[in-house]
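Let me give you the structure first, and then I'll get to my questions.
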Amino acid sequence: MAARRISSLLSSSATSLGRFSSWGRRINSFSTAAAAAIDEPIQPSIQIDHTQLLINGQFVDAASGKSFPTVDPRTGDVIARVAEGDLEDINRAVAAARKAFDEGPWPKMTAYERSRIMLRFADLLEKHTEEVAKLETWDNGKPYEQAAKIEIPMVVRMFRYYAGWADKIHGFTVPADGQHHVQTLHEPYGVCGLIIPWNFPLLLYSWKVGPALACGNTVVLKAAEQTPLSAIYVSKLFHEAGLPPGVLNVVSGFGPTAGAALSSHMDVNKLSFTGSTATGKIVLTLAAKSNLKPVTLELGGKSPFIVCKDADVDKAVELAHSALFFNQGQCCCAGSRTLVHESVYDEFVEKAKARALKRVVGDPFKMGIEQGPQIDNEQFKKILKYIRSGIESGATLESGGEQFGSKGYYIQPTVFSNVQDDMLIAKDEIFGPVQSISKFKDLEEVVQRANASSYGLAAGVFTQNIETANTLTRALRVGTVWINCYDIFDAAVPFGGFKMSGQGREKGIYGLSSYLQVKAVVTPLKNPAWL
Amino acid sequence: MAARRISSLLTRSLSVSSSSASTSLFSSLGKNSGRNGIGKRFSTAAALEDLIVPPVQIAYTQNLIDGKFVDAASGKTFPTYDPRTGDVIANVAEGDAEDIDRAVAAARKAFDEGPWPKMTPYERSRIMLRFADLVEKHSEELAALETWNNGKPHEQAAKSELPMFIRLFHYYAGWADKIHGLTVPADGPHHVQILHEPIGVAGQIIPWNFPLLMFAWKVGPALACGNTIVLKTAEQTPLTALYVAKLFHEAGLPPGVLNVVSGYGPTAGAALASHMDVDKVAFTGSTDTGKIVLELAAKSNLKPVTLELGGKSPFIICEDADVDKAVELAHFALFFNQGQCCCAGSRTFVHERVYDEFIEKAKARALKRVVGDPFRKGVEQGPQIDTEQFEKVLRYIRAGIESNATLECGGDRLGTKGYFVQPTVFSNVMDDMLIAKDEIFGPVQSILKFKDIDEVIRRANNTRYGLAAGVFTKSVEAANTLTRALRAGTVWVNCFDVFDAAIPFGGYKMSGIGREKGIYSLHNYLQVKAVVTPLKNPAWL
């Protein structure tokens, strides 16, 4: 299923989400105002300059000469045709990255020089925020305000964060049991294959490229076929900032061809993949069968959002709403199981429905819009199928449930109540604007139900009670617990999954170990002054 | 190929520093071999005719599940052998998928319902320390059992490996109450903390070359971090793990926390690797099997996998080397534990200036190596583990001869019984010969000539493996250059096989994923959980 990487990236989150959604509330409910906008999409004031592959510092066509269309999710119209990389292009990109790693200059530069280039890149990107945000919205369909005011600043923030790490990668000296001097070196792996999804194209770019380059690796990046444009654009800027050729190579293309070639390449030393759990299993299998390259995986989720009996219902409704609907529901850590204590359940359902009905859906380039179209026809159809399955399985449809408008991939904000744990909509990752609300009685029960999932990415807890917060924090088998907030994506906060939500962590100090080998070095000591 | 886990475990190892070594196993081995070298050569088969009866009884052959010794669900057993003779020592319960299911269920319960992860770390650490004490008390029986089942010299087991085992449990007991999370600087008014939690049920699959040490490398950190365990031992060497696991329960380990299943890879091992209720797998063994384990994990529930696999580690002797010391160190780096070390220095690169002298002396040293009944004092080399390995090693020797490497000594089996192989030295080995590329996992030293540092770096790195490397030089420049340039998880400079508890061990490239021992090994058994709450009017950010 489409377990694409979420990343809410709201630096100050619930609060700013609050702000964010309040724009929407001024406008009317999604069924009216926005439909007009969909009929006549706003023409983005930006040119598509770069559609080729970026290999060894040069823009080049695919070896096959092939290209594929990338479409505007508002209409399904083609935005541009993009060079379609496959095995041969991956080979060329890996060769360039291999050379830049083995012969330099990248890992042979000082860490300080690397950090300066990354900082210059962050500055350049900041200067181009508007163009990049437009490109992101055009290709992905996410609200422009979200891209421009939250995501691009977050990408800039992320590169500054990792630029700061470049010259702070310490090894250890190690206490020995005898007369030996022991040290560990933390070395770059070599060539890293990075595969990123379409839901947060640039943010996920920064989560992977940032630490890989800071640690001295070189990179072959495969962008998602739905959203290839912004990665090419910013990689061009990276070269303008002084990145040497071959250090960062970008290949657009499809998973079964380009992605598989990268995953099974014998000259790639490390892989990092964000996407669905099913694809993650394939990526790991290909790595296992080829050269055993270590793999970092950020996969799907079915994250519980737990509203306790002492909750302020209005706040809980708003937070649970943003936890699910943010980015059209296309977040792998979406709070997609809203578990509400029975004492506040009825009130919660009423208000959650009212909030969803007020959600402003429409052309993502329009100001005040909260929700744009889903990414593509495949996702769009899949979500509608899940909605039908929710209805058929006897869940109560409180609002939404259908396509929004008649063009593009818009879906009405949909709320189900009376959802039971064994329904498909409570088990599968829907990856769309569909909130599933269930009732619970006590903490032990909700812990058991929240953990009864093959996923373990994130959880939200809404309570005033410190006992409850502490109990749930430890008991939930997930990589992130947000207490009275959600989707906080600071650069320093690690993100990743328990169970089938992934392996390893991105962001923060933990993100570095995904890109560093450990080498122990031992020499004997003669008459040491101390041990 | 059989890339079983090495672990030389010589605490003070093979250091060439003259002052250190009075207590080291290696130097005592050296002394022994000196004495014996005068009189006996490895060809003296007398020792093999007249085998010493091991001073130990086999008390435990069943699977240990939920704190109880039980037969296999199928009722089946398999024989385990004495590598000195090929005779059966005992029949051992043969675990397969059903036994793994039972063991996982017990471990699951001990994790989910406790008591293990709900105990204080201090209590866990006390049990581990009591266990270490108990093992110390039973060192003699355990060393005898290890040698009987594995064929390694009894002095090595008793004086080096058992103490190292105890050292490792002391080390990890000390970690149990020192597993810190972090608090994290936030970009806004949030309080962020990181919890380092146990992963849950850990499946651990250990090899036959260092049965007890590999037990310690895996069980130590997993338990210190609060996980519960299903351990599958190698079918060649099931005995010592059962014995020490029993002692662990006597030390107060609650039932279900550590379950031990004997059995084969394709049945028990595969069941463990693909089990949906196992949260983590750690495997030590061959690269080929490691790939299968990772694939099973990928195809089942994506449990994270730590792999310690094969190697073809270079041992580089630079032009400024003291040849006598280099010969001794290179000899030890390869022949230790019958050559059955995954980090064996199995490509001896010698600078052309000292090459001829080195060959002469390496050959002389190999001819002096004392091979015989591993229970006999002064014996440096026992039999290979089993007939499969024995045949494989002899096949590689034939391949070496056929590819025109120069056979300097050895090259054949020793005696007519058991799996003894003569210490074998090849010179004039070329990089493209099989014996220079494959992991032989036996007493076969391959010596290659080089001219300059750039060349030797390129050749040393030109392998799919990247486990370890030895560097022998007086030059700090050469040492520093090689240390960074070699793509290997451990670089021993003027020493080899130093296996302190705090030193991380693991491979680059196809030698593995992750690190064992030291602070790094804790990551293998900990999940990372970020916890975020908003702050109202914080005093500081």
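Values quoted throughout were computed directly from the atomic coordinates according to the rules given, and no laboratory measurement underlies them. Predicted model only: the values in this text are computed from it and were never measured. So basically every Cβ, Gly included, is an ideal-geometry build from the backbone, and we count neighbours across all protein chains shown.
Charges at C-beta only: +1 for Lys and Arg, -1 for Asp and Glu. How large is the resulting dipole of chain A about its Cα centre, in Debye rounded to 20?
Values: 55 positive and 54 negative charges, 168 e Å.
Roughly 800 debye, rounded to the nearest 20.
Also, I was wondering about something else. Would you work out which of A:GLY246, B:ALA405, A:LEU525 lies farthest towards the positive end of the dipole of the protein assembly as shown, given +1 charges on the beta-carbon of Lys and Arg and -1 on that of Asp and Glu, about the Cα centre?
Going by the Cα projections, it comes out as A:LEU525.
Can you sort B:SER427, B:SER446 so the residue with the fewest Cβ neighbours within 10 Å comes first? Please list the in-between numbers first.
Values: B:SER427 22, B:SER446 27.
The fewest-first ordering by Cβ neighbours comes to B:SER427, B:SER446.
Okay, next question. From the backbone phi of segment B:506-520, what are the Karplus-calculated ³J(HN,Hα) couplings (6.51 cos²θ - 1.76 cosθ + 1.60, θ = phi - 60°) in whole Hz, Gly and Pro given as x?
Listing the rounded values in order: x, x, 7, 6, 7, 8, x, 9, x, 10, 10, 6, x, 5, 5 Hz.
5 Å is the cut-off here: which amide hydrogens, built 1.01 Å from N in the peptide plane, fall below it relative to B:ARG347, excluding neighbours closer than 5 in sequence?
The list, which skips near neighbours in sequence, is B:SER313, B:PHE315.
Express in nm, to one decimal, how much length is gained between A:ALA529 and A:ASP102 on full extension, taking 0.36 nm for each residue of separation and deducting their alpha carbon distance. It would help to have the intermediate numbers written out before the result.
Values: separation 427, 0.36 × 427 = 153.72 nm, distance 3.87 nm.
Additional length available on full extension: 149.8 nm.
Then there's this: Would you please give the FRET efficiency between B:MET276 and B:ASP177, computed as 1/(1 + (r/R0)^6) with r the Cβ-Cβ distance and R0 = 35 Å, to the nearest 0.05?
Values: r = 32 Å, r/R0 = 0.91.
The value I calculate is 0.65.
May I pose another question? Residue-wise, which Karplus ³J(HN,Hα) couplings in Hz belong to segment A:409-417, taking 6.51 cos²θ - 1.76 cosθ + 1.60, θ = phi - 60°, and x for glycine or proline?
10, 7, 10, 5, x, 10, 10, 10, 10
Which distance in Å, rounded to a whole number, links the C-alpha centroids of segment B:386-463 and segment A:272-329?
50 Å
Looking only at segment A:339-363, which residues have a backbone nitrogen under 18 Å from a spot 7 Å from the Cα of A:THR396 in the C-beta direction?
Counting backbone N atoms under 18 Å from the label point, the list is A:339-357.
Relative to the longest principal Cα axis of chain B, at what angle does helix B:352-368 sit, 0 to 90 degrees, rounded to 10?
In chain B, helix B:352-368 runs at an angle near 80 degrees to the longest axis.
Please work out how much length the chain gains when fully extended from B:THR85 to B:LYS137, using 0.36 nm per residue of separation minus the C-alpha to C-alpha distance, in nm with one decimal.
Numbers: separation 52, 0.36 × 52 = 18.72 nm, distance 2.93 nm.
Residue separation times 0.36 nm, minus the Cα-Cα distance, leaves 15.8 nm.
Per q in 0.05 Å⁻¹, report the Debye log10 I(q)/I(0) for the protein assembly as shown, using one uniform scatterer on each alpha carbon and no solvent.
Rounded to two decimals, the profile gives -0.33.
Exposure proxy check: B:TRP492, B:TRP540 ranked by fewest other beta carbons within 10 Å?
By the 10 Å Cβ count, ascending, the order reads B:TRP540, B:TRP492.
May I ask for the angle, rounded to the nearest 10°, between helix B:323-335 and the longest principal axis of chain B, with both axes built from Cα atoms and the value confined to 0 to 90°?
Rounded to the nearest ten degrees, it is 50.
In addition: Can you pull the one-decimal nm distance between simple spin-label points at B:TRP540 and A:ASP346, each 7 Å off the Cα toward Cβ?
5.0 nm
Let me ask something else. If I take R0 = 25 Å and measure r between the Cβ atoms of B:TYR122 and B:LYS68 in this structure, what FRET efficiency does the formula 1/(1 + (r/R0)^6) give, to the nearest 0.05?
Once the sixth-power term is evaluated, E becomes 0.35.
I would also like to ask the following. With a Förster radius of 25 Å, plug the Cβ-Cβ distance of B:LYS437 and B:GLU360 into 1/(1 + (r/R0)^6) and report the FRET value to the nearest 0.05. Each step should come with its number before you reach the end.
Working: r = 26 Å, r/R0 = 1.03.
So, using R0 = 25 Å, E works out to roughly 0.45.
Each label point is 7 Å from the Cα along the Cα-to-Cβ direction; what then is the distance between the points at A:GLU444 and B:MET430, in nm?
A separation of 7.4 nm, rounded to one decimal place.
When only alpha-carbon atoms count, how far does segment B:317-469 stretch along each of its three principal axes, as whole angstroms with the largest first?
Extents along the principal axes, in whole Å: 45, 29, 27.
Going 7 Å from the Cα of A:GLN58 in the Cα-to-Cβ direction, what parts of segment A:93-117 have a backbone nitrogen less than 13 Å from that spot?
The answer is A:93, A:96, whose backbone nitrogens lie closer than 13 Å to the label point.
What relative contact order, as a whole-number percentage, does chain B give when Cα pairs under 8 Å and 6 or more residues apart are counted?
Values: 1305 pairs, mean separation 117.8, N = 541.
Relative contact order for chain B comes out at 22 percent.
Remind me, relative contact order of segment B:353-467 in percent, using alpha carbon pairs under 8 angstrom and six or more residues apart?
Values: 157 pairs, mean separation 24.5, N = 115.
Taking the mean separation of contacting Cα pairs over the length of segment B:353-467, I get 21 percent.
Also, quick follow-up: Do the sum for chain A: with -39,500 (n - 2.57) for every DSSP H run of n ≥ 4, divided by all residues, what is the mean residue ellipticity at 222 nm, to the nearest 500 deg cm²/dmol?
Working: 17 runs with 197 residues, N = 531.
Only helices count here, giving -11500 deg cm²/dmol.
Which value, in debye to the nearest 20, describes the size of the charge dipole of chain B about its Cα centre when Lys and Arg Cβ atoms bear +1, Asp and Glu Cβ atoms bear -1, and nothing else is charged? Present the calculation step by step, with values, prior to reporting the outcome.
Details: 59 positive and 59 negative charges, 134 e Å.
The dipole magnitude comes to about 640 debye.
Starting from the Cα of A:HIS181, step 7 Å toward the Cβ, then list every residue of segment B:446-488 with an amide N under 19 Å from that point.
What the label zone holds, given the 19 Å backbone N cut-off, is B:469-486.
Label segment A:454-531 by shape, choosing from rounded, prolate and oblate, from the square roots a ≥ b ≥ c of the eigenvalues of the Cα gyration tensor; if a/c is under 1.5 it is rounded, and otherwise prolate applies when a/b is larger than b/c, oblate when it is not. Before the final figure, lay out the partial values.
Numbers: a/c = 3.07, a/b = 2.24, b/c = 1.37.
Prolate is the answer for segment A:454-531, as a/c is 1.5 or above and a/b outweighs b/c.
Hey, if you put +1 on the Cβ of every Lys and Arg and -1 on every Asp and Glu Cβ in chain A, which of A:ASN140, A:MET109, A:PRO373 ends up farthest toward the positive end of that dipole?
A:MET109
Report, by chain and number, residues whose modeled amide H sits under 5 Å from the one on B:ALA234, excluding near sequence neighbours (fewer than 5 apart, same chain).
B:ILE206
Using Cα centres only, tell me the gap between segment A:143-157 and segment B:314-378 in whole Å.
61 Å
Another question, if that's okay. Fully extended, how many nm does the chain gain between B:THR387 and B:ILE401 (0.36 nm per residue separation, minus their Cα-Cα distance)? Walk me through the intermediate numbers first.
On the way: separation 14, 0.36 × 14 = 5.04 nm, distance 2.12 nm.
Difference between extended and current length: 2.9 nm.
With runs of 4+ DSSP H residues as the only contributors, calculate the mean residue ellipticity of chain B at 222 nm using -39,500 (n - 2.57) per run, divided by the residue total and rounded to the nearest 500.
On the way: 16 runs with 191 residues, N = 541.
Value at 222 nm, helices only, nearest 500: -11000 deg cm²/dmol.
So, one more: Scan around A:LEU525 for amide H atoms under 5 Å from its own, H built in the peptide plane at 1.01 Å from N, and keep only partners 5 or more places away or cross-chain.
Amide H neighbours of A:LEU525, under 5 Å, 5+ apart: A:HIS180, A:HIS181.
Tell me the label-point distance for the pair B:LYS377, A:TYR112, using the 7 Å Cα-to-Cβ offset, in nm and rounded to one decimal.
6.2 nm
Would you kindly derive the ³J(HN,Hα) couplings of segment B:377-382 from the backbone phi angles with the Karplus curve 6.51 cos²θ - 1.76 cosθ + 1.60 (θ = phi - 60°), listing them in order in whole Hz, with x for Gly and Pro?
So the J values, rounded to whole Hz, are 5, x, 6, 9, 9, x.
Arranged by the count of other C-beta atoms within 10 angstrom, fewest first, what order do A:CYS215, B:CYS343, B:CYS409, A:CYS485 take?
On the way: A:CYS215 27, B:CYS343 32, B:CYS409 18, A:CYS485 23.
Least crowded to most crowded, the residues run B:CYS409, A:CYS485, A:CYS215, B:CYS343.
Rank A:ASN470, A:GLY456, A:ILE488 by how far each Cα sits towards the positive end of the charge dipole of segment A:449-516 (+1 on Lys, Arg Cβ; -1 on Asp, Glu Cβ) and give me just the farthest.
Result: A:GLY456, furthest along the dipole toward the positive end.
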